[in-house]
Amino acid sequence: MQADTRRSLASMTRWHLVTSEYPPDIGGVSGYTGQLARALADAGDEVHVWCPGAVRERVPGIQVHAALGAISPADLRRVDAQLDACPGPRRLLVQWVPHGFGYRSMNLGFCLWLARRARAGDHVELMVHEPYMEFSWRSPLHSAMAAMHRLMTLVVLGAARRAWIAIPAWEACLRPYALGRRVPMPWLPVPGCVPMDLATDPSPRTRFAPPDQPIVGHFGSHGAAVATLLDGCLPSIMDGPCRPALLLLGADGGAYRDVLVARHPEWAPRVHAAGFLDGAALAAHLAACDVLVQPYPDGVTSRRTSVMACLSQGRAVVTTAGRLTEPLWHSSGAVSLVGVGDATGMADAVVRVLADAGVRAQFGTRARQLYLDTFSVERIVNALRAASMRAA
């Protein structure tokens, strides 16, 4: 028994997850960090979360320190005192999105704070969800933010012993700012934001369409770039031979429904927006869809939590291949791929998949297997823990 206890303690890692958002905040980083914290705790590790906001709900095995406040110098001094009271070695895993840490997306002070923690002996690692904004000749402010993001990147990479990246393409963006340091940049895909178990609740299917009418779904934030791509393909889908119902899932789905119905009043009985849903309810609504149409202006990638959620539920997905799309999306056969901006091709692909139950089943099986093999939170935790053991 004592030997087992010693082995358990030796294999336990103490994590300090530093994040700009955490549940019940709504957002991709919040959902990711919440999942990661629970999975690390379930694996037997000690988990601390450092975030802004008010006192959070207590979750067994996770100590949430809502101490970052506005991420000001005074807030960071307060966090210093609390972190220093924690036993070492302290492993800080920072959920890096440069626009997430306040100060109008230009919080260089936070980056310098991380550098000071690293010099004092903390083991700093990054999980890079996004590297930096692109320059824009149309907006001097936008370009100033892009320049500051690159300076911030230089500082945080100087502090980090490892920079996990959400998609392989981020390494080319980050590597010049390592200034020759051989910072490891392993790929760590982002899991879906719903429970991994397949949903079994049939109620959404019966609520939104009769048994003989297919449902086309879209899950996302319905931002302008994606909405433009949807606008191009939806008329041929909605007025095509299958005449499906359309189910909009995610933020601002209701507002986008209003836009669609204003343009196409005849669609009103067939267009639905589900509003905010927790993980289990979202899984059930995804499972109600026969096909998910998921266009992305830069192409589908492994950082898209929306498409990960669709894969996790074994759904047929039609999506876009673009400049950031990794080779696995082509080689796996798990999704139907269409070029970005090819509205006709997107609509034709959705109609073809809707018309063939066998094709839908094949896509669903491959999608689920790809998720289990590559994107599940368990695989992500295993990668993080294995790296921490090697570094110990």
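Within the stretch 204-214, work out how many residues are crowded, with 20+ Cβ neighbours inside 10 Å and touching a helix residue (DSSP H, G or I) at 6+ places or on another chain (Cβ under 6 Å).
1
Conditions: (1) surrounded by 14 or more Cβ atoms within 10 Å (Cβ to Cβ); (2) outside any helix (DSSP H, G or I). Ser136 meets all but one. Number of the miss?
Of the numbered conditions (1) surrounded by 14 or more Cβ atoms within 10 Å (Cβ to Cβ); (2) outside any helix (DSSP H, G or I), the odd one out for Ser136 is (1).
How many residues are part of a loop (DSSP other than H, G, I, E, B) and under 20 Å from Phe375 (Cα atoms) if we restrict to the stretch 331-349?
Quick first cut of the stretch 331-349, residues part of a loop (DSSP other than H, G, I, E, B) only: 332-335, 340-342.
Subsequent filtering for residues that are under 20 Å from Phe375 (Cα atoms) retains 332-335.
Here the count works out to 4.
Looking only at the stretch 331-381, filter to residues that are modelled with pLDDT of 95 or more and polar (S, T, N, Q); which one of those is surrounded by the most Cβ atoms within 10 Å (Cβ to Cβ)?
Here the residue is Ser336.
Since Cys193 meets every condition but one in (1) surrounded by 18 or more Cβ atoms within 10 Å (Cβ to Cβ); (2) assigned to a helix (DSSP H, G or I), which condition does it not meet?
(2) is the only condition that Cys193 fails.
Testing Leu76 on (1) without any contact (Cβ under 8 Å) to a residue 40 or more places away in the chain; (2) in contact with a strand residue (DSSP E or B) (Cβ under 7 Å, 6 or more places away or on another chain); (3) in a helix (DSSP H, G or I); (4) surrounded by 15 or more Cβ atoms within 10 Å (Cβ to Cβ), one condition comes back false. Which one is that?
Here Leu76 clears every test but (2).
Answer with yes or no whether Thr153 is within 17 Å of His99 (Cα to Cα) and either part of a loop (DSSP other than H, G, I, E, B) or not small (Gly, Ala, Ser) (or both).
Working: within 17 Å of His99 (Cα to Cα): yes; either part of a loop (DSSP other than H, G, I, E, B) or not small (Gly, Ala, Ser) (or both): yes.
In short, yes.
So which residues in the stretch 113-155 are among the polar types (S, T, N, Q) and touching a Cys at 6+ places or on another chain (Cβ under 9 Å), if there are any at all?
Of the residues in the stretch 113-155, the ones among the polar types (S, T, N, Q) are 136, 139, 143, 153.
Answer for the stretch 113-155, where residues must be among the polar types (S, T, N, Q) and touching a Cys at 6+ places or on another chain (Cβ under 9 Å): just Thr153.
With within 21 Å of Trp50 (Cβ to Cβ) and in contact with a Ser or Thr (Cβ under 7 Å, 6 or more places away or on another chain) as the only criterion, which of His99, His142 stands out? Steps first, answer last, please.
Working: His142 fails: within 21 Å of Trp50 (Cβ to Cβ).
Only one candidate passes the filter, namely His99.
The values are calculated or read from the model by the stated rules, or taken from the named source; none is laboratory data. Computed from a predicted model, the values in this text were never measured in an experiment. Counting neighbours? That spans all protein chains shown, and the Cβs are built from the backbone with ideal geometry, glycine included.
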